[in-house]
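The values are calculated or read from the model by the stated rules, or taken from the named source; none is laboratory data. Please read all numbers here as calculations on a predicted model, not as lab measurements. Please note: Cβ atoms are built from the backbone with ideal geometry, for glycine as well, and neighbour counts cover all protein chains shown.
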Amino acid sequence: MKPSTGEKVSISFRGVVVGPDDPAGTPAGHRPGPVPPGPGVPAAAAPASAPTAAPASTGRTAPLLSYPRGELLRDGRPHRILSGSLHYFRVHPAQWADRLARLAALGLNTVDTYVPWNFHERTRGLPRFDGWCDVERFAVLAQEAGLDVIVRPGPYICAEWDNGGLPAWLTGTPGMRLRSSYRPYLDEVARWFDVLVPRLARLQAAFGGPVAAVQVENEYGSYGDDRAYVRWVRDALADRGITELLYTADGPTDLMLDAGTVPGELATATFGSRPGQAAALLRSRRPGEPFVCAEFWNGWFDHWGEPHHVRSAESAAGTLGEIVDAGGSVSIYMAHGGTNFGLWAGANHDGTALQPTVTSYDSDAPVAEHGGLTPKFFAVRDRLREFDGGLPRPLPAQPAVLPPRVLRTVPGAGLLDGLAALAERAVTSPHPLGFDDLGQASGLVLYRAQPQLPPGPQTLTVTGLHDRAQVFVDGVCAGVLDRETGSLTVPGTGSRVRLELLVENQGRINYGPLLGQGKGILGGVQIERRLVHGWTMHGLPLDEWAPEEVAAAPASAAPHGTAGFATARFTVNDPADTFLALPGFAKGFAWVNGTLLGRYWEVGPQMTLYVPGPLVVPGENTVTVLELERFGERVELRDRPELGPGEEFVESFD
């Protein structure tokens, strides 16, 4: 999506000024990398310069957090990190301050966040730090809420985020070897860190800022054993000005800790259960270090077509209490999950099939996706009060929600004709091209060819399919393929047919050895044993569409069939949160006022999409839907989320 125009301001904290980027021209031939959906973002994307001057030091020579005799200290005093994960990229910027206040009210003294490289630098050489990408503003707001900040800059973050935070242009580079000492990869990380890390460095506690610790890579011991690479990341952070506490985070097994830790830097663990075992393992390996749980999984994420994972308030608070009672510091992952807006949800792979992550990242967290205070919030708050004995902070009010209503839908452009009309350009090739070949990170690609089919039923086979293809013959849907190699039967008459495959990228893999895998048709298409040649590809990067493009989409072609574009409208006087439901619709994408909320899919478990109040305007509002299979009869605004029936889940390392 192309961003709209907005104003940038300078913010000061403790006498240190964080100013706006200097504007600069966009290089010819580059489409600006969009900031993900959100109002108030400048339209021009310019290369971001690093800070030119370091802020004044506070005069403190040691890091704010230290452990000289094995006990964690903050500014020389005994301390426990009581942190919660909250990702600025999953929360509308107008709601950052509210969500940070809710973490403080939970009883936390710290917030931690990842920094997703692909969110900031969707187009190589055009990093962004404005609007939704203004991580510096987020850190300043955290400080105003009384919270320290822990930053996790990767470059890989996992986080159930598309491609684990690595840009598609990077992972799509031929021959690229990720998360290793492969020189072309290190060169790209160094270039990114040259821009990012000085911004984080000037926010450190040494300069009066809130940043108290920075993580080195992310759970590397679950991926590889290139220890020289992890040391390189540590050195890259330090060489660019990070002087506060550095640490690594890995699962609590010897296998993971062997490869993911760095001598001389704090080793922490990530887990959801059995804290006593984790503490014993860390202390046996690092006897002079404090016990820190860098991620306590008090809930879990969901995949499409699988159960909605929950964890009872009693179970979560109980394990949290065990961590604290064992003398540990902790970060609750997630304290507030937020939303995978746009097409930023990632995917896992179980060795057999892709497992795409849902749009909601609620994660059964203490602070719900829309900011609501859950029973888990109060159970965790009470447990933390038992530990610190301090007076609780005032409780924020529950978020305002629009009253429920039913909206009439108006059908628009038919699926294939509408998408073909909206495609920016057609690319021809003897062979089908993948998303990376087309320079497209996400969305859809419409593949077209005109093979001759012998009379009678013919077997069509697609190899290297990532991830899902709707197959059409002369405009009629012949079926859906959703495996890497899949086949179906198509009718032949001895004549040429119009063969169309609408391929969806359902989220790039964010964890494991398949990290960086491409999307689209990466193999070929066969009719029986014969390959189909002569392809035209129409790229459809839905998350890059500007609001005016979304508004024009329903009129791009005549209504036709049971799928395509549709709109619904509603009017409000006082904007507030709401939850969009699409009963009867099958699978597709939904926008509100030109902002892509994300994917919906009738397989569940998620049945509503969260609409943040800042996306709603006084007066008329427009819902735009791109339905891939079957229109429903209506659209609904509901006053509560529906994320699916809960199934208790506690992650362990058995």
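Looking only at residues that are part of a helix (DSSP H, G or I) and among the charged types (D, E, K, R) in the stretch 322-362, which one is nearest to L86 (Cα to Cα)? The selected residue is E322.
Quick one: would you say R569 is basic (K, R), within 27 Å of P541 (Cβ to Cβ) and either touching a helix residue (DSSP H, G or I) at 6+ places or on another chain (Cβ under 6 Å) or not in a strand (DSSP E or B) (or both)? Here the answer is no, as R569 does not meet what is asked. Restricting the first member to the stretch 495-523 and to residues that are of a type in the set (G, A, S), and the second to residues that are in a strand (DSSP E or B) and surrounded by fewer than 20 Cβ atoms within 10 Å (Cβ to Cβ), the beta-carbon pairs closer than 7 Å and six or more apart or on different chains are S495/Q452; G512/H349; G523/T463. Scanning the stretch 574-597 finds one or more residues that are at pLDDT 95 or above, hydroxyl-bearing (S, T, Y) and over 15 Å from L407 (Cα atoms). Is one or more of the residues making up the stretch 577-599 more than 14 Å from F341 (Cα to Cα), of a type in the set (V, I, T) and surrounded by fewer than 20 Cβ atoms within 10 Å (Cβ to Cβ)? No, the stretch 577-599 has no match at all.
Determine, yes or no, whether V572 is surrounded by fewer than 21 Cβ atoms within 10 Å (Cβ to Cβ) and in contact with a Phe, Trp or Tyr (Cβ under 6 Å, 6 or more places away or on another chain). Against the criterion (surrounded by fewer than 21 Cβ atoms within 10 Å (Cβ to Cβ) and in contact with a Phe, Trp or Tyr (Cβ under 6 Å, 6 or more places away or on another chain)), V572 does not qualify. Q143 falls short on exactly one of the conditions (1) surrounded by fewer than 20 Cβ atoms within 10 Å (Cβ to Cβ); (2) in contact with a strand residue (DSSP E or B) (Cβ under 9 Å, 6 or more places away or on another chain), and that condition is (1).
Yes or no, residue by residue, for (1) within 25 Å of T110 (Cα to Cα); (2) in contact with a strand residue (DSSP E or B) (Cβ under 7 Å, 6 or more places away or on another chain); (3) not in a loop (DSSP other than H, G, I, E, B):
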{"position": "A213", "(1), (2), (3)": "yes, yes, yes"}
{"position": "A228", "(1), (2), (3)": "no, no, yes"}
{"position": "V233", "(1), (2), (3)": "yes, no, yes"}
{"position": "I242", "(1), (2), (3)": "yes, yes, no"}
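This table checks each residue for (1) within 23 Å of D302 (Cα to Cα); (2) of a type in the set (G, A, S).
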| site | (1), (2) |
| --- | --- |
| V473 | no, no |
| P491 | no, no |
| G494 | no, yes |
| E500 | no, no |
| R508 | yes, no |
| G520 | no, yes |
| R529 | no, no |
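Go through the residues of the stretch 96-107 one by one and say whether even a single one is closer than 20 Å to P198 by Cβ, in a helix (DSSP H, G or I) and not aliphatic (A, V, I, L, M). No. Each residue in the stretch 216-235 was checked for being out of contact with any Cys (no Cβ under 7 Å at 6 or more places or on another chain) and either within 19 Å of T253 (Cα to Cα) or not assigned by TED's automatic domain parsing to the domain that holds E136 (or both), and 11 pass. Counting only strands (runs of 3 or more DSSP E) that fall entirely inside the stretch 363-450 and contain at least 3 residues that are in contact with a helix residue (DSSP H, G or I) (Cβ under 9 Å, 6 or more places away or on another chain) and within 30 Å of G619 (Cα to Cα), the qualifying elements are 410-414.
When G288, G264 are checked against the criterion of being out of contact with any helix residue (DSSP H, G or I) (no Cβ under 6 Å at 6 or more places or on another chain), without any contact (Cβ under 8 Å) to a residue 40 or more places away in the chain, within 29 Å of L203 (Cα to Cα) and surrounded by fewer than 23 Cβ atoms within 10 Å (Cβ to Cβ), a single residue qualifies: G264.
For the stretch 90-106, the set of residues classified as small (G, A, S) and under 15 Å from V149 (Cα atoms) consists of A97, A101, A104, listed by residue number. Within the stretch 430-452, not a single residue is within 31 Å of the chain's Cα centre (by Cα) and at pLDDT below 95. What are the residue pairs meeting all of these: first residue in the stretch 271-282, first residue within 12 Å of N298 (Cα to Cα) and assigned by TED's automatic domain parsing to the domain that holds I323, second residue at pLDDT 95 or above and in a loop (DSSP other than H, G, I, E, B), Cβ atoms under 6 Å, and 6 or more apart or on different chains? If the second residue must be at pLDDT 95 or above and in a loop (DSSP other than H, G, I, E, B), the pairs left are F271/P252; G272/V650; S273/V650. Output the number of the condition that E648 fails; it satisfies all remaining conditions of (1) surrounded by fewer than 22 Cβ atoms within 10 Å (Cβ to Cβ); (2) within 21 Å of the chain's Cα centre (by Cα); (3) charged (D, E, K, R). Of (1) surrounded by fewer than 22 Cβ atoms within 10 Å (Cβ to Cβ); (2) within 21 Å of the chain's Cα centre (by Cα); (3) charged (D, E, K, R), only one is false for E648: (2).
With respect to the conditions (1) more than 25 Å from D75 (Cα to Cα); (2) without any contact (Cβ under 8 Å) to a residue 12 or more places away in the chain, D239 falls short on a single one, namely (1).
Those strands (runs of 3 or more DSSP E) of the stretch 260-319 in which at least 2 residues are over 28 Å from V358 (Cβ atoms), considering only elements entirely within it, cover 266-271. Filtering the stretch 133-148 to residues that are at negative phi and not in a helix (DSSP H, G or I) leaves D134, A145, L147, D148. Would you point out the residue of the stretch 460-476, among those that are without any contact (Cβ under 8 Å) to a residue 40 or more places away in the chain and part of a strand (DSSP E or B), that is nearest to D436 (Cα to Cα)? Of everything passing the filter in the stretch 460-476, R468 is nearest to D436 (Cα to Cα).
The residue list T624, T562 contains one member that is among the β-branched types (V, I, T), outside the structural domain of G251 (by TED's automatic domain parsing), assigned to a strand (DSSP E or B) and out of contact with any His (no Cβ under 8 Å at 6 or more places or on another chain), which is T624.
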